[in-house]
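Heads up, the thing below is written out as structure tokens.
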Amino acid sequence: MLGAIIITDHSDRVQGRTFVSGERSAQTPWAAVEVLGKPPVTRLADALWEVCDLVSVIARPRDHVGAQSESSLTDLADECFANYIGKGCDAILIACCGTYFELDIASMLAFHQEQCLACTRAFVDDGPLDVWIVDPSVAPAYSWVFSSSACARSAVYRSQAYANRLQSASDFRRLVLDGFHSRCRLRPEGAEIKPGIWVCEGAQIERSARIVAPAFVGRNVQISEECLITRGSNVESNSHIDFGTGVENSSILPNTYVGIGLDLSHSIVDGRNLFNLQHNVSLEITDPVVLRESTARGRGRQSSADVESGMAVSSVE
Amino acid sequence: MLRVAWLYLLLNEHGGEQELDRKVKTRKGEYKMLTSGPIVVMQVPEVLNVGEVHNFMQELGPLLESNRPRVVLDLSQVRSMESAGVEMLLHCLEEVLKRDGDLKLAALSPEAEVILELMRVSRVFETFRTCDDAVRSFNAIPAEAVSQNTPWCANVFNELGIVKQAS
């Protein structure tokens, strides 16, 4: 029996979204942020369900940043680990999900069993991943994998699999573009209504708005008149791009309002926080007319079929 | 809030703030160019919100009302700018253009650059890397001073004509 524990908040190991200074998303790791409709950690959990008998995700709630200490997450992981031992797991996969990876877990498990060692750690081309398979008969607790004895008794599983360390805003943008261009298995959610254009349920795109591939429009997103979404931009769930704004090579994170007549390029926007990749500068826009957090609407009144009939889309690269 | 206003006097032998005409030699002859009068260089505050815009305009406003105002705004300290700040810049530009003057932006901080691009006004202003560059630009020969009768390529084509004849 194989159990899996995913820990999403390891701010001491993972450089989170340091560009943001706002309260909402400080220290939220990139792996927990929606990418093309779903956070990488959710995608990992989905993938693990296919090969594991038990999967647990241990995360710090988004709106409780700072409320829980890192040690309490470790305690939770230890508790989960003990629970898995009690349920009779003969191998436990531990993933500290700061990195997006596409490992072949079944193959890693087979390798681990062949090696007959206490622990197997995954390595990709640019170094080790925070992914281990441990033998619970040797490892007393989750935190054992970080000990020196674990290092001494671990096998190295080398893989050529796709991995993105998600350490910075540019890594995040690279993951989005890799997803659009099929350089990894991460596929956008929703329906591909035109080649390279994905639209999720509940999205409302005005007739005069223009979406140029590759682009992604998430759940319950509102794109107003005369907007242009282009060059690998993704507008994640419950966001609103207001009249006449152009979004180019940018990511709009969930629940963000982008004001009227703006020109947003090479940026990641999260509520009122903006990080510009070209100038390598982060800004907090205090003017709510320009950028702000939008409330989740959850309209869901328009299906993707409605969207297709009402919008102007172009699949020109 | 750090805000420094200082005056640059353009290159003229007499100095002072009185208007002095300068003659520039062009191919066509002499072109009269006004180069005198002070150039106002003003540092924009770090945060340009509604309150700061009001304070800043109280200082800058009277300077804009002079004859042919020439203003350089130093944006090197800007860390945050609301839409009111962008509107103020546009208003200043409008005012100086109305009086046959000009307004230039200099030493833009990355934050200021991003905000101006975001609000689609970056191309409206003439921008310079440093304040000195911006000040010097007021002294540059205007385009109309250069003879427009002969196209720049005329000499090249003349030479080509000679080559053709030779062949």
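The values are calculated or read from the model by the stated rules, or taken from the named source; none is laboratory data. Because the structure is predicted, anything quoted here is derived from the model rather than measured. Don't worry about glycine lacking a Cβ; one is built from the backbone with ideal geometry, like all the others, and counts go over all protein chains shown. SASA here: full protein model, heavy atoms, side chains in, ligands and nucleic acids out. Shrake-Rupley method; radii C 1.70, N 1.55, O 1.52, S 1.80 Å.
Looking at the stretch A:186-258, which trypsin sites (Lys or Arg not before Pro) are DSSP coil and have at most 16 other C-beta atoms within 10 Å of their C-beta?
Of the trypsin sites (Lys or Arg not before Pro), the ones in loops of the stretch A:186-258 whose Cβ has at most 16 other Cβ atoms within 10 Å are A:Arg207.
Count the net charge of all other residues whose Cβ sits under 12 Å from the Cβ of A:Cys184, scoring Lys and Arg as +1 and Asp and Glu as -1.
Net of charged neighbours comes to +3.
Quote the accessible area belonging to A:Tyr100 in square angstrom, nearest 10, computed with a 1.4 Å probe and with ligands, DNA and RNA left uncounted.
Using a 1.4 Å probe on the heavy atoms, I get roughly 20 Å².
Kirkwood Rh over alpha-carbon pairs of the stretch A:156-260, then Stokes-Einstein at 10 °C and 1.306 mPa s: what D in µm² s⁻¹, rounded to an integer?
So the translational diffusion coefficient is about 113 µm²/s.
If you average 1/r over all unlike Cα pairs in the stretch A:124-206 and invert the result, what Kirkwood radius do you get in angstrom?
Value: 16.4 Å, from the Cα pair sum.
Would you mind classifying the stretch A:67-165 by shape? Square roots of the alpha carbon gyration tensor eigenvalues, ordered a ≥ b ≥ c; an a/c under 1.5 is rounded, otherwise it is prolate if a/b is larger than b/c and oblate if not.
Oblate, since a/c reaches 1.5 and b/c is not below a/b.
Considering only protein heavy atoms, with the full assembly of protein chains and a 1.4 angstrom probe, order A:Glu102, B:Glu117, A:Glu192 by accessible area, largest first.
A:Glu192, B:Glu117, A:Glu102
Shape call for the stretch A:158-197 from the C-alpha gyration tensor, a ≥ b ≥ c root eigenvalues: rounded (a/c under 1.5), prolate (a/b greater than b/c) or oblate?
Because a/c hits 1.5 or more and a/b fails to exceed b/c, the stretch A:158-197 counts as oblate.
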